[in-house]
Amino acid sequence: MTNNSPAVNNGNNCVITANGCTDNNPAIPNDQRGAARVGAVDIGAFELNNTSTGGNFVATLPDGKTGIAYNYVLVLDKGAFTYSLTGGELPNGISVSTSGAVVSVSGTTAVSGEFNFSVTATDGTNSAVTDYTIRFTQTTVSLSGSVTYAIKPSGETAKAVANVLFNATGTSNSSAMSDGAGKYSLSGLIWNGNYTVTPSKDGNINGISPFDATMILRHIAANGSGPNALDANQRIAADTSGDGNITPFDATLILRYLASGGANANTGQIGNWKFDPVSRPYQPLNSSMFDQNYTAILVGEVNGDWNP
């Protein structure tokens, strides 16, 4: 209905019954949408109620989510009318589409919030304005994977590592702990946000023995080659001094650790946990991701005797 339509204010101000229109049958105060009457009753199912007529009815569209394509049809067949956005605003990526016969609100946005806008229909002479509101909420995604112990003696299955703390920092913060099967899941992360995930672990130190020191000395004696050479993960565990090299001093630190019954100022990095990768960046994180797996290494435990 346009502003100049003869139907405006020309409806019955009462409910017609078999007895006609009487004062005992007042007009229904709202139209079928719930919009209040503006002036006298309009003819038809809908009252012309918008900001341009002094009304305040706002049509609420279904909610959308960031990162997910949105499409809602406003008009199935626009006929001879031209429709355009004439007031308010829509988030970046969302627009009023008028291609073909259909008028719709469509697109994909990364912006959340509530947006109010007006659409005007005109045939060149008459026009009508409809006010709308739409809300876009943040789409959330997750990261999940597992943690296993990096040093695996021949013939053994990789051991799950529990109680590894995963911290996701960036657009928002989230944390999760690996369970008894070594699995973790970081949830509630904002779609298209920037994150860095870092694992860490304390405690559960076991398996360190004099044989670990012996393996380091054998590796050095073999010049890092042959059957006594340590593999890449074992070399990380063997670098107990943290200087990036494997020397007899690393073996000495293990013996100091055992003699003192635990870590102290003279035992280097023994008992610290290291992870591969050290951290993972997600720049940006635009979908849920699985199999984001890590391996864990206990510094000083070279042989693979660690037990969960």
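See the values below:
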quantity	calculated
Matching residues in the range 103-155 - criterion: being in a strand (DSSP E or B) and under 30 Å from D276 (Cβ atoms)	T140, V141, S142, L143, S144, G145, S146, V147, T148, Y149
Flag if I254 is outside any helix (DSSP H, G or I), aliphatic (A, V, I, L, M) and in contact with a Gly (Cβ under 8 Å, 6 or more places away or on another chain)	no
Test for F136: is it surrounded by 18 or more Cβ atoms within 10 Å (Cβ to Cβ), touching a residue at least 40 places away in the same chain (Cβ under 8 Å) and out of contact with any Phe, Trp or Tyr (no Cβ under 9 Å at 6 or more places or on another chain)	no
Filtered residue count, the range 170-186, keeping only those that are among the small types (G, A, S) and within 12 Å of S144 (Cα to Cα)	5
Qualifying residue in the range 87-107 (condition: in contact with a Phe, Trp or Tyr (Cβ under 8 Å, 6 or more places away or on another chain), within 18 Å of Y132 (Cα to Cα) and at pLDDT below 50)	no
Breaking point among (1) at negative phi; (2) at pLDDT 85 or above; (3) under 31 Å from the mean Cα position of the chain (by Cα), for V58	(2)
Residue ranges of strands (runs of 3 or more DSSP E) in the range 164-210 with at least 2 members more than 21 Å from T295 (Cα to Cα)	183-190, 193-200
Lone qualifier among S112, S97 - being in contact with a Ser or Thr (Cβ under 6 Å, 6 or more places away or on another chain), surrounded by fewer than 19 Cβ atoms within 10 Å (Cβ to Cβ), of a type in the set (S, T, Y) and without any contact (Cβ under 8 Å) to a residue 40 or more places away in the chain	S97
Count of residues meeting criterion [assigned to a loop (DSSP other than H, G, I, E, B) and farther than 15 Å from G300 by Cβ] in the range 220-251	11
Matching option when the condition is touching a Lys or Arg at 6+ places or on another chain (Cβ under 7 Å), in contact (Cβ under 8 Å) with a residue 12 or more places away in the chain and surrounded by 13 or more Cβ atoms within 10 Å (Cβ to Cβ), among I236, I270	I236
Out of R235, R218, sole residue that is modelled with pLDDT of 95 or more and either of a type in the set (V, I, T) or under 39 Å from the mean Cα position of the chain (by Cα) (or both)	R235
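The values are calculated or read from the model by the stated rules, or taken from the named source; none is laboratory data. Keep in mind it's a predicted model, so treat the numbers as computed, not measured. With ideal geometry, Cβ positions are generated from the backbone for all residues, glycine too; neighbour counts draw on all protein chains shown.
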